[in-house]
Amino acid sequence: MAIIRSANTEYQFGVGAILFSSLLWGTTGTAATFAPNVSPAAMGAFAMGGGGLILAVSAYRQVRHHYLKILLLKRLWLFSALALAIYPLAFYTAMRLAGVAVGTVVSIASAPFFAAVLECLISKEVNITKRWFVSFALGLVGIALLAFSESSTGENNTDKMMGIALGLLAGLTYAIYAWGAKTMIDKGVQSQAAMGSIFGLGAMVLLPSLLFSGDNLFASSTNTIVVFYMAVIPMALGYFAFGYGLRHIKASSASLLTLLEPVVAAILAVLVVGEVISPVGWFGITLILLCLWGQTSLKS
């Protein structure tokens, strides 16, 4: 009985960590609006690359201790780091082309589906429950209502479709990274070591791209504050919490819990940026919260 209680407590802590990371990630869209002259490629590269560097340095001892285990999983490690490097470039460009709301919701809504497919096809975890699918359906409908309730911003349709395609790529690469990190943890690599090694390698890929895209990163004090905030708080702290959560729940459930991110982003857009969300959009937010409630009561 004590073992069951302990497992439930660990699962709830894992859920809390994932929700906390999603809360931090939900601030990125609003934060980025304060630095409009920074390109999405530069924003993504500095935020994820800088945050990854912080995670790698903070996890140095753990990475060194688990170095041999990481090398034994080098293909998985490399694949996860490559997906991690692609994700922010696709995500921030999707927001720029399709709009913050649509780019965010497509990226986040597609990630749980891709994560579930990866677990079923590669990890052979076919025990995804009916309740998970109900939660996923509620979240998917909610996220669609939230996206399509946004008033048109007049963007070019070709750009918008390209933004949606890049959002799907972001969702796929996010799911690959989450699945890869979870698999490394399940195979005995300590969570901080797994996250630090993946993010460290991803940072080595991302940061050099700033030589070509980072002209305006520090053009003003506001830009500097925004990009450092993005790297330290949502990325470094957020992904540290995400790595802890992955120790206790499946990647598919973790990805589904990240549907809190667009809810936070929408609320901040209203309170800070001054955007307006229609009643349909608020109904979508309600469905997403129901999805999250369903997931928090599930066992890993």
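The values are calculated or read from the model by the stated rules, or taken from the named source; none is laboratory data. Just so we're clear, the structure is a prediction, and the values are computed from it rather than from any experiment. Backbone-built Cβ (ideal geometry, glycine too); neighbour counts: all protein chains shown.
Mind checking which residues of segment 31-64 are surrounded by 15 or more Cβ atoms within 10 Å (Cβ to Cβ) and farther than 22 Å from L237 by Cα? Of everything in segment 31-64, those that are surrounded by 15 or more Cβ atoms within 10 Å (Cβ to Cβ) and farther than 22 Å from L237 by Cα turn out to be V38, S39.
Residue by residue, here is whether (1) surrounded by 24 or more Cβ atoms within 10 Å (Cβ to Cβ); (2) under 25 Å from V102 (Cβ atoms); (3) under 13 Å from the mean Cα position of the chain (by Cα) holds:
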position: Y229; (1), (2), (3): no, yes, no
position: V232; (1), (2), (3): no, no, no
position: M235; (1), (2), (3): yes, yes, yes
position: A241; (1), (2), (3): no, no, yes
position: Y244; (1), (2), (3): no, no, no
position: H248; (1), (2), (3): no, no, no
position: A251; (1), (2), (3): yes, yes, yes
position: S255; (1), (2), (3): yes, yes, yes
position: P262; (1), (2), (3): yes, yes, yes
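Checking L84, L118 one by one, the residue that is of a type in the set (A, V, I, L, M), at pLDDT below 90 and touching a Phe, Trp or Tyr at 6+ places or on another chain (Cβ under 8 Å) is L118 and no other. Determine which single condition F218 fails, assuming it passes every other condition in (1) hydrophobic (A, V, I, L, M, F, W, C); (2) exposed (fewer than 15 other Cβ atoms within 10 Å of the Cβ); (3) within 27 Å of C120 (Cβ to Cβ). Of everything listed in (1) hydrophobic (A, V, I, L, M, F, W, C); (2) exposed (fewer than 15 other Cβ atoms within 10 Å of the Cβ); (3) within 27 Å of C120 (Cβ to Cβ), F218 misses just condition (3). Any residue at all in segment 161-171 that's closer than 18 Å to I249 by Cβ and either within 19 Å of the chain's Cα centre (by Cα) or at pLDDT 80 or above (or both)? No; the residues of segment 161-171 include none that is closer than 18 Å to I249 by Cβ and either within 19 Å of the chain's Cα centre (by Cα) or at pLDDT 80 or above (or both).
More than 28 Å from H66 (Cα to Cα), without any contact (Cβ under 8 Å) to a residue 24 or more places away in the chain and of a type outside the set (S, T, Y), is that true of G274? Yes, satisfied.
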